[in-house]
1. Residues being surrounded by fewer than 16 Cβ atoms within 10 Å (Cβ to Cβ) and either part of a loop (DSSP other than H, G, I, E, B) or in contact (Cβ under 8 Å) with a residue 60 or more places away in the chain (or both): count how many of those fall in the range 341-361.
2. Could you pull out every one of the strands (runs of 3 or more DSSP E) wholly within the range 609-718 that has 2 or more residues that are within 18 Å of Leu766 (Cα to Cα)?
3. For the range 50-66, how many residues meet the condition of being over 20 Å from Val86 (Cα atoms) and modelled with pLDDT under 90?
4. Would you be able to tell me the number of residues in the range 297-317 that are of a type outside the set (Val, Ile, Thr), within 16 Å of Ile347 (Cβ to Cβ) and over 48 Å from the mean Cα position of the chain (by Cα)?
5. Take the range 272-295 and flag every residue that is charged (D, E, K, R) and part of a loop (DSSP other than H, G, I, E, B).
6. Could you please give the count of residues in the range 225-257 that are assigned to a strand (DSSP E or B) and farther than 18 Å from Leu49 by Cα?
7. Can you list residue pairs whose Cβ atoms sit under 6 Å apart, with the first residue in the range 762-778 being farther than 26 Å from Asp672 by Cα and the second being part of a strand (DSSP E or B) and within 8 Å of the ligand (Cβ to nearest atom)? Count only pairs 6 or more apart in sequence or on different chains.
8. Could you check how many residues of the range 680-710 are more than 31 Å from the chain's Cα centre (by Cα) and among the small types (Gly, Ala, Ser)?
Amino acid sequence: MTKKCWRLLISCSFLIILLICSISMNAIAADDMQTSKVIRVGFPIQPGLTEVNAQGEYRGYTYEYLQTISQFAGWDCEFVRVNGTVNEQLETLMNMLKDGKIDVLGGMLKTDQTIKEYDFPQLNYGVAYSTLSVLETNTTISDVNLAAKAKNSIHIAVLQQAKKKIAILEQYCRENNFQYTLVPCENELALVNALSTGEADVILGVDLSKEPGTKVIKTFAGSPYYFMTTKGNTEIVNVLDDAMKKQEQSNPYFQKQLYEKYFGEQGRKFVLTEHEQTYVEEMKPLRVLISLSLAPFQYEDNNGKIDGITLSLLSDIEQQTGLKFQYIERDMKKTLSENIEEKEIDIVAGLPAEEKYASANQLILSKSYMEADTIMYSSRNFKRNQTNNNDKTKNVKKGIAAVSNIGHTFPGLSSNHVKFYDTLEECMDAVNHGAADYGYGNSYSVSYYMSEKNYPNVVTMQMPGISNGFCLGVLKDTDINVLTILNRAITTIDETQKYNYLMKEFDKGKADFSLLSYIRLHPIQVLTMGCILMLIILYLIYSRQKQVLLEAENEAKTRFLSNMSHEMRTPLSAIIGLNDLQKRNMEQGNIEEEENCIKRIDSSAKHLLSIINDVLDMGKINEGKLCITKKPFDIYEMLEDIKTIYLIHAEQHHIQFHTSFEADMYSIMIGDALRIKQVLINLISNAIKYNKPEGNVYFHVSQIQETEKSVQISFTVADTGVGIKEENIRRIFKAFEREERGDVSEGTGLGLAISNSVIGLMNSELKVHSKENEGSEFSFILELDKGIVEESDRVKLRTDSEMELTNIRVLIAEDNEINALIASKMLQRVGIQVEIVQDGELAVSKFVASKPHYFQLILMDIRMPHMDGLEATRVIRNLEREDASTIPIIALSANAFDEDIEKSKEAGMNWHLAKPIESQKLYEVIATLLKK
Ligand code: ADP
């Protein structure tokens with residue numbers, strides 16, 4: 001295989017590893033995305049952090065950071081804005097955060113006060129530095145001469161209310177022996193004015209909000225800033241911790257890039273002072289000593305032309321500043337000081353960022369213009385001592401290769417195993433031929449030579465945490481202007497420009513850089529390939545997830561069926577057993593026991609019925625057939641009903657049930673009272689069921705908003721019970737899912753799933769906050785139209801004392817023998833005569849065959865063979881006889897939701913009774929309909 005093919009193969013395999021890493025990250029993100037949660041984020045308008053551009057789009061450091069981590073957190077951020085100045089906005093939002101009205105606020109410092117009142121994740125998402133700035137046009141004070149000027153006192157303008165920042169500044173001044181006078185200012189404008197009038201030499205600020213028209217000359221004392229959340233909101237804190245860690249792993253440079261984008265040096269103009277201008281114009285070209293054995297930084301190309309990253313940088317500096325450079329090649333056989341002495345130079349290029357080495361050679365270091373990771377290259381046979389980083393020399397047999405006269409200090413190079421060579425290339429040759437065991441170099445150069453030359457015996461290893469900086473060295477007696485200008489020019493060259501230098505080298509086909517460099521160099525290609533691969537892999541993950549979901553669903557259904565059989569068998573066995581007992585009680589005339597037994601049969605039967613109703617409801621939900629009706633109802637009546645039932649129920653379980661219903665809510669609403677009641681009953685019975693002995697349940701209802709047409713009512717059920725484990729909170733709303741707890745075994749896992757769907761159908765959301773062992777709070781807000789109760793809905797049942805039911809004949813149409821028997825016994829007990837038929841068809845023919853008014857009432861089951869109750873009623877109502885339209889027909893049905901009642905009404909029935917029939921209710925309805 002050719003060298004080119006190998007290179008391509010290596011690049012591809014690097015790429016694939018990277019893509020797999022990014023895919024797995026994104027797969028996690030995609031996984032989380034499926035259950036994305038809406039998070040309310042405070043959005044104060046702060047330049048750079050959270051701002052809105054001219055098109056009304058949100059942008060800023062915090063905004064972009066949050067959007068990026070949201071994919072790992074599974075969040076859908078909803079940004080909340082408030083009015084006022086920045087300080088007012090922050091104050092309002094901090095209060096909202098405290099009250100839980102928003103979930104997250106960014107750009108916050110950890111102080112004693114904030115730590116007490118809010119919660120923070122572990123990681124910060126940026127660091128804010130204090131700054132000293134001067135007017136952009138100021139050429140008398142710079143970073144270089146600030147310390148010298150400050151020895152004789154400088155005036156620093158500060159915002160008088162920024163006490164903490166002033167304290168930090170004073171400490172900084174003390175540590176650096178600055179003589180200073182503070183100039184207190186009221187606001188930012190006054191700060192800049194103080195500079196313009198000369199009242200102040202510099203102003204104190206923060207790097208995140210640079211005052212317009214100023215430039216930063218000193219940055220110090222970093223303070224990390226964080227996202228902050230409501231005290232006790234551990235869910236947000238945990239998700240933030242996790243998402244921020246994942247983000248850092250996926251792109252460690254992210255914060256830096258964002259900083260560059262919003263607060264960086266970009267766009268800052270390079271301005272020469274008048275004095276510098278004259279100096280540059282009059283000066284001769286500067287002589288730059290350059291070694292040509294440090295590719296891709298500095299080297300001689302095939303045509304004998306010198307080139308490289310350093311050269312690109314110096315050429316840009318020439319253009320920016322007007323300085324001129326003349327290059328003199330360094331003799332690597334001689335020391336640096338010999339070269340400097342012999343060649344009469346002003347600057348040394350490609351100097352390592354090593355203070356000691358520089359000053360030993362009478363050089364002053366400029367700011368570093370490029371950073372590269374350190375790489376260890378070693379012979380394949382060399383056993384690196386992995387366990388002890390400090391003692392790599394242990395296995396050295398042949399020696400450690402190092403470049404002499406280069407100035408870089410690497411680990412282990414102080415040992416007497418070192419073998420010196422003139423260039424890095426020679427060092428690597430030595431390792432390849434077995435003359436040395438290993439050596440160190442910067443990642444760009446090592447990669448360059450690895451790809452340029454064939455080193456079959458050399459392997460490389462990244463040295464995390466160790467990097468090499470490259471600087472220019474200015475000879476001590478060179479005019480100070482040179483260093484000042486060079487430093488300013490280097491700082492104005494941003495990261496993107498540096499990557500461009502790298503890209504230029506790469507495009508020449510000279511170097512096979514590290515993977516990271518490759519990505520920086522070819523972002524578009526990497527992105528396109530990445531996207532295609534990602535799509536393929538996402539599709540595979542999606543199919544796999546679908547399969548996993550199906551399996552999980554099936555498993556949940558199987559578990560549900562076995563739970564359900566158990567759930568149903570329990571009350572059914574109780575009914576059968578109790579029935580047996582009852583028979584014996586009756587034989588023995590044991591009246592007291594009889595009553596007790598009947599009560600227990602009653603409660604087991606009701607429990608069984610509620611399970612069956614839940615299953616039927618769930619079926620309807622799955623088929624999308626659950627309907628929500630809209631009818632007037634009295635909210636206080638509904639709440640009092642619930643209160644009555646649960647006061648007793650709670651007491652039986654030794655739980656205190658506290659209710660608070662706001663007194664002046666609009667009372668008649670339009671909605672599905674039965675379904676709302678069903679949800680509330682489910683929440684309250686759970687709150688009692690999953691409580692601790694002597695625990696509390698709080699049921700609170702209040703009106704939070706009223707318009708001309710509608711009201712918003714908030715319902716909350718809270719308890720001091722066992723709570724729900726955080727990892728189970730999302731699960732409990734799923735059908736058939738329960739939190740496995742040793743202490744409570746009763747339940748089907750359907751209640752919350754139904755409640756959640758019902759509330760969803762009412763265009764709201766069931767919310768839960770829960771902490772294990774502390775309790776849970778379920779809440780929802782309903783928007784209901786205002787209504788008035790129609791007379792027909794107000795029909796009141798007659799009370800017991802008013803009833804007189806003898807001399808009445810009732811036709812019962814019921815296919816189930818036992819149900820028919822129960823109904824007939826109930827009626828006969830109060831003197832009503834009964835005739836029974838088994839289906840709708842027979843009911844119609846019996847009615848037709850009878851004389852008018854022979855029957856005074858019909859009890860009609862809905863579900864019957866041959867002809868159902870609805871159809872039979874329609875036929876009867878259409879008969880041509882005097883009592884056909886007037887005879888009261890009562891529907892008997894297992895379901896009593898509004899849609900069922902509506903259907904029976906439409907068919908011509910007068911009332912709808914749910915099975916199992918309660919005798920008292922039956923008598924009341926008959927009395928009401930017959931007006932006896
Ligand atoms: P069930 O009560 O029949 O198991 P639900 O759907 O009503 O079914 O509730 C699902 C699960 O949610 C329960 O099994 C329980 O683990 C948990 N849960 C519901 N409400 C509470 C509560 N108030 N406190 C603690 N856990 C609860």
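The values are calculated or read from the model by the stated rules, or taken from the named source; none is laboratory data. Since the model is a prediction, treat every value here as computed from it, not as a measurement. So basically every Cβ, Gly included, is an ideal-geometry build from the backbone, and we count neighbours across all protein chains shown.
1. Initially, the range 341-361 is screened for residues surrounded by fewer than 16 Cβ atoms within 10 Å (Cβ to Cβ), giving 341-344, 355-356, 359-360.
Within this subset, residues satisfying the condition of being either part of a loop (DSSP other than H, G, I, E, B) or in contact (Cβ under 8 Å) with a residue 60 or more places away in the chain (or both) are 344.
Matching residues across the range 341-361 total 1.
2. On the way: elements: 631-634, 656-661, 668-671, 696-706.
In the range 609-718, 696-706 are the strands (runs of 3 or more DSSP E) which contain 2 or more residues that are within 18 Å of Leu766 (Cα to Cα).
3. The number of residues fulfilling the criteria is 1.
4. Count: 0.
5. Listed by number, the list holds a single entry, Lys284.
6. Going through the range 225-257, the residues assigned to a strand (DSSP E or B) turn out to be 225-230.
With farther than 18 Å from Leu49 by Cα added as a condition, the list becomes 230.
Of the residues in that region, 1 qualify.
7. Listed pairs, sorted by first residue: Ser770/Ser776; Gly775/Asp719.
8. 3
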